[in-house]
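Single-structure report; data block below.
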Amino acid sequence: MISYQQWVDPITKELAKCVKRSDGWFIPYAIDNTDYQQFKIQVADGTPLEDPDGNVMTQEEVDAFLKTIP
Amino acid sequence: MSGNIKLNTPSNGSVTISTPDTASAVTVTIPAATDTATLNTQAQTLTNKTLTAAGANSIEATSGPTSTQLAGNRNKIINGAMMIDQRNAGASFTVTGSNYTLDRWLAYASVTSKYSVQQSSTAPAGFAKSLVATSLSAYSVGSSEIFSLNQIIEGYNVADFGFGTANAKTFTVSFWAQSSLTGTFTAFFANSDQSRWYTAPVVINTANTWTYFSITVPGDTAGTWLTDTNKGMYVSINLSVGSTYQGAASSGWSGASIKYGITGQQSLVGTNGATFYITGVQLEKGATATPFENRLYGTELALCQRYFVKLYEPPMRGVATGTTAGGASRMYVPYPVQMRAIPSLSIGGTFNFWNGLSTTTGSVLAGYYVGNSTFGGEVDINVAAAYTQGQVCAAYTNGGNAIVNISAEL
């Protein structure tokens, strides 16, 4: 089953503008990227999204996060 | 003698009668928009003349040209000859859902592991490769299940079709196919959200025999058809379709409840070991299938790389970020061609690095950063023996196992 994890920029220490999928792919927050389109649909529907420390985010946290990305 | 006689008519404009310059010359004048004119049975040559369509009219050929030296870039399908397989290099791939297989060819399965896709050297005369779908079991398709081979054409590449407008153009798709099963499969076409769709039968009359198919589809004057970097048109061969999604072959484009298959169609996944081969896929404007357009391999590969690139020993250059990043180096990886969209990226294998003084190996990925570009991306690599922050860092050959996959597929 696919899951996602937020990623931290090691230099800025801020959330990177990409998410890591469980199959190893890094997916940018780019609206024309079909992996990104699928990511938003899937996590909104309950596919697990982990924070950078590996903790599964609650659906409320996911929904709030989705409002911060394009 | 030369000269014109002009007859004015009250309803249809004018009729022009031109006298021939020589005994063999023929002038054809089309008197009204709804009329047609046919040259006589003698061979005719048009020399130093221009055919001009008046007003909004157009001139179209009603039968195919006999020359094989046709103008290039007719084919909207990329990798129609199945020559390029960056992902699997000819190895069999078991379809688990929506999976890109040979370049630009998306295999779909409602249920995982019911068929595989592989590049094959079995091909009709004039072709070297084909795509083969092989059933992995005798599976009874559920009423709402679909198994299909698809190519999604980028909107830019079908913008000239004028779909969704009054000027929508007819197109023709042609291909070679063979199957171990006789019966009807389905060719399926749709817009980006599949709110407009069209089906046509692909009938295999003789098993295990290459057959050439040509399907002409009228232009769709309705619906929303994207003409940008997003999905322009679905082109599909539906191998198995559940009963819910079966219906009569289309007589025109539909916006009604979608049908992916023809009633009573064959089911590839219903027979263990059944095969369906396809190659020479061409989709072009007009009502005539012209000979397959063989583009140069490098050209075809570059077209594929707009959507997917597999870089072996990627030419990455960057700067060691040292202790700031826990021993990482931020590397820039250029893409061979501009990608359709800012791509997704994965990295595998082991890299070697050189900073001008020493080498280090055994690096692993730390992160990927978009760079907001379709021309190149930035990745962070953990360098086993960390370089000093600020040192230049170059990746170099390490036996061929370092790979970067880049995807901007539709």
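The values are calculated or read from the model by the stated rules, or taken from the named source; none is laboratory data. These numbers come from a predicted model, not from an experiment. Because the Cβ atoms are built from the backbone with ideal geometry, glycine has one as well, and the counts that use them run over all protein chains shown.
Summary table
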item: Residue match in the range A:22-30 (condition: surrounded by 19 or more Cβ atoms within 10 Å (Cβ to Cβ), more than 7 Å from chain B (Cβ to nearest Cβ), under 11 Å from the mean Cα position of the chain (by Cα) and of a type in the set (Val, Ile, Thr)); result: no
item: Yes/no for residue A:16 being under 19 Å from residue B:342 (Cα atoms), touching a helix residue (DSSP H, G or I) at 6+ places or on another chain (Cβ under 9 Å), facing another protein chain (nearest Cβ under 10 Å) and of a type outside the set (Ser, Thr, Tyr); result: no
item: Residues within the range A:1-53 that are closer than 17 Å to residue B:346 by Cβ and of a type in the set (A, V, I, L, M, F, W, C), tallied; result: 10
item: Of residues in the range B:386-403 being touching a Gly at 6+ places or on another chain (Cβ under 8 Å) and either at pLDDT below 75 or within 14 Å of chain A (Cβ to nearest Cβ) (or both), the one surrounded by the most Cβ atoms within 10 Å (Cβ to Cβ); result: B:387
item: The range A:31-46, residues that are assigned to a helix (DSSP H, G or I) and at the interface with chain B (Cβ under 10 Å from one of its Cβ atoms); result: A:34, A:35, A:36, A:37, A:38, A:39
item: Residues satisfying the stated conditions in the range A:52-70, i.e. part of a helix (DSSP H, G or I) and touching a strand residue (DSSP E or B) at 6+ places or on another chain (Cβ under 6 Å); result: A:62
item: Condition met for residue A:49 (touching a strand residue (DSSP E or B) at 6+ places or on another chain (Cβ under 9 Å), more than 30 Å from residue B:232 (Cα to Cα) and within 12 Å of chain B (Cβ to nearest Cβ)); result: no
item: Residue within the range B:261-269 that is among the hydroxyl-bearing types (Ser, Thr, Tyr), surrounded by fewer than 23 Cβ atoms within 10 Å (Cβ to Cβ) and in contact with a Phe, Trp or Tyr (Cβ under 6 Å, 6 or more places away or on another chain) present; result: no
item: Residue pairs meeting the criteria (Cβ under 6 Å; at least 6 apart or on separate chains; first more than 21 Å from residue B:242 (Cβ to Cβ) and surrounded by fewer than 24 Cβ atoms within 10 Å (Cβ to Cβ), in the range B:182-206; second modelled with pLDDT of 95 or more and of a type in the set (Lys, Arg)); result: B:192/B:231
item: Residue list for the range B:106-148, filter: basic (Lys, Arg) and farther than 25 Å from residue B:243 by Cβ; result: B:129
item: From the options B:297, B:312, B:307, B:260, residue that is over 27 Å from residue B:211 (Cα atoms) and modelled with pLDDT of 95 or more; result: B:307
item: Matching entry among B:281, B:337, B:269 (being more than 13 Å from every other protein chain (Cβ to nearest Cβ), touching a helix residue (DSSP H, G or I) at 6+ places or on another chain (Cβ under 6 Å), modelled with pLDDT of 95 or more and under 30 Å from residue B:92 (Cα atoms)); result: B:337
item: Which listed residue is closer than 30 Å to residue B:374 by Cα and hydrophobic (A, V, I, L, M, F, W, C), from B:301, B:239; result: B:301
item: Some residue of the range B:152-164 being among the aliphatic types (A, V, I, L, M), surrounded by fewer than 21 Cβ atoms within 10 Å (Cβ to Cβ) and free of Cβ contacts under 8 Å to residues at least 60 places away in the same chain; result: no
